[in-house]
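The following block contains the structure, expressed as structure tokens.
No lab work stands behind these numbers, since they all come straight from the coordinates. Values in this document were obtained by computation on a predicted structure and should not be read as measured data. Virtual Cβ from ideal backbone geometry, glycine too; neighbours counted across all protein chains shown.
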Amino acid sequence: MRNEVTHWTLAETCRHLEAGDCCSVELVEALLAVIAERDPLIHSYIYLNAEEALDAAREADASRAAGKGGRLLGVPIAVKDVLNVRGQPCRCGSRILKGYTAPYDATVIARLRAEGAIFLGRTNMDEFAMGSTTENSAEGPTRNPWNLERVPGGSSGGSAAAVAAGEALAALGSDTGGSVRQPAAFCGCTGLKPTYGLLSRYGLVAYASSLDQVGTLTKDVEDAALLLSVMAGRDPHDSTSLDTPSVHYSAVEGFDLRGLRLGLPKEYFEGGMEWEVERTIQAAIAVCRELGAEIREVSLPHTALAIPTYYLIACAEASTNLARYDGVRYGYRTPDAADVETLHSRTRAEGFGREVKRRIILGTYALSRGYYEEYYGRAQRVRTLIRRDFEEAFRNCDALLTPTTPTAAYPLGERVEDPLRMYLGDVYTVPANLAGLCGLTVPCGFTKELLPVGLQMLGPALGESVLFRVGGAFQKATAWHRQRPPFPVAGSAR
Ligand code: GLN
């Protein structure tokens, strides 16, 4: 069972549970065994909820025997350390939240729980979701299951690595500027960033509130559609959540792409991409064309401004969101501070890591009097231009096809000392967050070093169904998403 489980999708797991081929307790035990074997090398999890998960599995099995249902009854899911799950630690990969236990469920968690899901453990992440490699975690880095010397991407690197390594059937992440899609691409998973507002942010620890969105890391598009169907919908606790009718998303219908117009933003293909990524993306585009899609070139003229605009806005919002960690209300508190000022400053100096401090300083500067208009105000205006670029493009096409990242996974340590270079790797993912759109990445091939490459599909706001149609048809025509890293894996950490 243990080896089989590493390959199962959520949908397959549900079918096995329903058919009585296995029970939830066996499932959780099998996953725990895989984790015990592999995670000492990969380090996807920073907290395991083993006993409670087994109890919940026993309860789920009893409910099933009593004839009760639930779309995810008895199905374990891994959760990025940024979402509150009642009774579990929620530390955001930071020292400053040491000792903090979530007193409530995030809305997306409550909705999964209501359908019977079990929360197996917390996955590693860059501190407060700031980073692209998971190296900024206070808990130490996660490694890429395809090659242990490479980064898994970030900031949801623990979630992506867990799914890729067969240590989780599916996982939740958050995507502020690519943190679901980029690690999914680096680890060979399917990653979905829904439209801003489609999923509630209540209980998601805030990084940059106008950009943050919960997302999924799964083995295929069908599972992404399943999780989204369960979690989507208006939440009175989040005033930015959209009042959409409940939709049953699906990726199962449709084998071809006839009648769809897919755009290639020409600015995304004008250099900067590694040639192996380019080769793989071109082959994936050819598959979509063979499936009947009409491929056309479009232009997003303000693409070059997306990175500076994103980092300004994200840092500005982060600097205010992170003001709440003062040593009084949450987690870590410096010992023996003589007065309140020392308490605040020492707690923050000791509790936050380097990248988080860098961003708080940048963001505070950008918001300070005399500079606000020059930096933050201007970034907001450019954001509008970027959004309009997409509106224009979606007049002529139904979705866009782009690479997810300019390179495949790079070696650990390569970019930690060079933040600008790390930021540039987000070039294809941040525009969707700035414009509030939806994005999906699917595995579409490998480099010659056997590292996965991701194809990104971008849709208009609330265009998830189109993404599922394109991604679903692509996965029916290809087998990239079914590849699993060999275990034991390549790399010196063996
Ligand atoms: N890498 C980007 C950043 O560091 C995106 C992170 C994210 O989406 N949370 O801000």
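Sorted by average packing, counted as other Cβ atoms within 10 angstrom per residue and highest first, what order do 263-270, 86-93 take? Don't jump to the answer; show the numbers that get you there.
Numbers: 263-270: 18.1, 86-93: 22.4.
In decreasing order of mean packing, 263-270, 86-93 become 86-93, 263-270.
What's the extension gain from Glu278 to Met1 if we count 0.36 nm per residue and subtract their Cα-Cα distance? Please report the intermediate quantities before stating the final value.
Working: separation 277, 0.36 × 277 = 99.72 nm, distance 3.85 nm.
Between Glu278 and Met1, full extension yields 95.9 nm more.
I've got another one for you. Given points 7 Å out from each Cα along the Cα-Cβ axis, report the Glu392 to Phe255 separation in nanometres with one decimal.
So the two model labels end up 4.0 nm from each other.
Suppose R0 equals 25 Å; then what is the FRET efficiency for Glu341 and Ser368 from their Cβ-Cβ distance, rounded to the nearest 0.05?
Values: r = 20 Å, r/R0 = 0.78.
So the FRET efficiency works out to roughly 0.80.
A follow-up question, please. Using a 10 Å cut-off on Cβ atoms, rank the peptides 467-479, 391-403, 429-441 from the highest mean neighbour count down.
Values: 467-479: 21.8, 391-403: 19.7, 429-441: 28.0.
Put in order of decreasing packing, that is 429-441, 467-479, 391-403.
Rg and Dmax of the chain, Cα atoms, in Å?
Considering the chain through its Cα atoms, Rg and Dmax are 21.3, 70 Å.
For Glu270 and Glu294, FRET efficiency with R0 = 22 Å and r from the beta-carbon atoms, rounded to 0.05?
Numbers: r = 22 Å, r/R0 = 1.00.
Result of the calculation: an efficiency of 0.50.
Leaving out same-chain residues fewer than 8 places away, which lysines sit with a Cα under 26 Å from that of Lys98?
By straight Cα distance, Lys98 reaches Lys80, Lys357.
A further question follows. So what's region 341-494 giving for Cα Rg divided by 2.2 N^0.38 Å, two decimals?
Values: Rg = 20.3 Å, N = 154, 2.2 N^0.38 = 14.9 Å.
Dividing the Cα radius of gyration by 2.2 N^0.38 Å gives 1.36.
How large is Rg/Rh for region 283-331, to two decimals, with Cα atoms and a Kirkwood Rh? Provide the component values of the computation, followed by the final result.
Values: Rg = 21.1 Å, Rh = 15.2 Å.
Taking Rg over the Kirkwood Rh, I get 1.39.
Could I get the Rg over Rh figure for region 104-238? Both from C-alpha atoms, Rh via Kirkwood, rounded to two places. Please report the intermediate quantities before stating the final value.
On the way: Rg = 13.7 Å, Rh = 14.5 Å.
Over the Cα atoms of region 104-238, Rg/Rh equals 0.94.
Jot down the radius of gyration and Dmax of region 184-319, Cα atoms only, both in angstrom.
Considering region 184-319 through its Cα atoms, Rg and Dmax are 17.7, 48 Å.
So, one more: For region 307-377 and region 68-107, write down the distance between their C-alpha centroids in whole Å.
A separation of 25 Å, based on Cα centres.
Using Cα centres only, tell me the gap between region 425-454 and region 1-36 in whole Å.
Going from one Cα centre to the other spans 29 Å.
What number comes out for the charge environment of Ile46, summing +1 per Lys or Arg and -1 per Asp or Glu over other residues with Cβ under 11 Å away?
On the way: positive: Lys80, Arg91, Arg122; negative: Asp39, Asp81, Glu139.
Value of the local net charge: 0.
Based on the mean of other beta carbon atoms within 10 Å per residue, what is the order of 23-33, 62-72, most packed first?
23-33, 62-72
Report the net charge of residues surrounding Glu12, where surrounding means a beta-carbon distance below 12 angstrom and charges are Lys +1, Arg +1, Asp -1, Glu -1. Please list the in-between numbers first.
Numbers: positive: Arg15, Lys219, Arg482; negative: Glu4, Glu18, Asp21, Asp220, Glu222, Asp223.
My count for the surroundings of Glu12 gives -3.
Hey, how many Å between the Cα centroid of region 401-423 and the Cα centroid of region 205-267?
25 Å
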